[in-house]
Amino acid sequence: MAGGTTLQLSSQQAWSQRALNLLFCASGIIICYGAFSVFQEKITQRLFGEKKERFVYMQALVFFQCATNLLVAWYVLRRNKQKSPDNVPIHLYSMCSTSYFLAMLFSSYALEWVNYPTQVLGKSCKPIPIMLFGVLFAHKRYGLRKYFYVLLIVTGMAIFLYKPQKGSVGFQFGSGELFLCLSLAMDGFTGAVQDRIRHYHTTDKWTMMFSMNAFSSAFLALILLASGELFQFFRFVAAYPFILQQMFLFSLSGAVGQCFIFKTVTDFGPLTCSIITTLRKLFSLVFSIIIFSHPYTNRHVLGIIFVFAALILDAIDSRKSHGKAKGDEKPPAKDGLLQEATAQEKEN
């Protein structure tokens, strides 16, 4: 009796600790990426000074992100006494890093033409290019339900982007939407390369985060110099020095959010993490609409419901299908979690 009671109390304590840990991880992801979203929108969408200037130096902004991620990964690696071997070829890191920072750069460029809720919803369609690249290049197979969820996502985005006009109805597909598509294509390529790295080489999450951001920072530094944007950015900073603080907080919140994602994957598995990150995108979208007073209609709400319902149903379905295989030990085929954990969601 007493032994049973002791076991019962021990089980309850273990469950309580696990629940508190999950709450801690989920809160960390939502708060960090919530701050990330607010700072990104404040930097890219507001007008500065009497001249009503906009921040258009996206190469510098993405460089800040990569450099901050690099420093965080370097700090963790220095403190980590158990170092895993890394035999990933340089050309794979180079390819992966290029598509990684281009995905962030294109999604940032998109904000010059579309509002932040559109960008968040567009980037939530990341499973589509990852699935497409998996079928074309990794010869993966997916069940019918996966294709149904993709159809729901596409339908939701179509509803959201559909813009009735006077005298005609149709879609307005402009530069912002084009940059979002390019960003998603880079996400798909990054996922395919990382999938190859996972299957044929050995590394760990922090080493990959360090290596990818080291290559990305170096590439972006060269691009900043070659394009001349670096000097234009310095002139903007001289006029509005407070922008550096916002860029630092923006980058730091994203880097700390990455740490919470890694902890969630380690403690609870990728499927639990995918549900949390999907919910955080929904919260970011809703908060953006509320804080920055973005106009919306019932059609926009319906499109958002379609997209996030598909993402959540897919995550739950993947969780059930992996329940017999050590629960959360393996990532679902569609979600390219390694990419989500090492690249901004920007989301970045």
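The values are calculated or read from the model by the stated rules, or taken from the named source; none is laboratory data. This one's a predicted model, so the numbers in the text were calculated from it and none came from an experiment. Every residue, glycine among them, receives a Cβ derived from its backbone with ideal geometry; neighbour counts consider all protein chains shown.
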Inset, instruction - Please go through region 96-111 and pick out each residue that is over 20 Å from Glu177 (Cβ atoms) and either of a type in the set (Ser, Thr, Tyr) or at pLDDT below 95 (or both). - result: Cys96, Ser97, Thr98, Tyr100
Inset, instruction - Enumerate the pairs (first residue in region 63-74 and among the β-branched types (Val, Ile, Thr); second residue anywhere and surrounded by 21 or more Cβ atoms within 10 Å (Cβ to Cβ)) with beta-carbon separation below 6 Å, excluding pairs fewer than 6 apart on the same chain, so at least 6 apart or on different chains. - result: Thr68/Ser251; Thr68/Ala255; Val72/Ala255
Legend entry - Some residue of region 81-91 being under 20 Å from Ser251 (Cα atoms) and among the hydrophobic types (A, V, I, L, M, F, W, C): no
Legend entry - Lone qualifier among Ile275, Ile291 - being within 30 Å of Leu161 (Cα to Cα), surrounded by fewer than 16 Cβ atoms within 10 Å (Cβ to Cβ) and of a type in the set (Val, Ile, Thr): Ile291
Legend entry - Number of the condition not met by Leu338 [criteria: (1) outside any loop (DSSP other than H, G, I, E, B); (2) at pLDDT 85 or above; (3) surrounded by 16 or more Cβ atoms within 10 Å (Cβ to Cβ)]: (2)
Inset, instruction - Output the qualifying pairs, or none if there are none: Cβ atoms under 7 angstrom, residues six or more apart or on different chains, first residue in region 227-242 and surrounded by fewer than 11 Cβ atoms within 10 Å (Cβ to Cβ), second residue modelled with pLDDT under 95 and of a type outside the set (Phe, Trp, Tyr). - result: none
Legend entry - Test: Val301 is within 23 Å of Gln119 (Cβ to Cβ), surrounded by fewer than 21 Cβ atoms within 10 Å (Cβ to Cβ) and touching a Cys at 6+ places or on another chain (Cβ under 6 Å): no
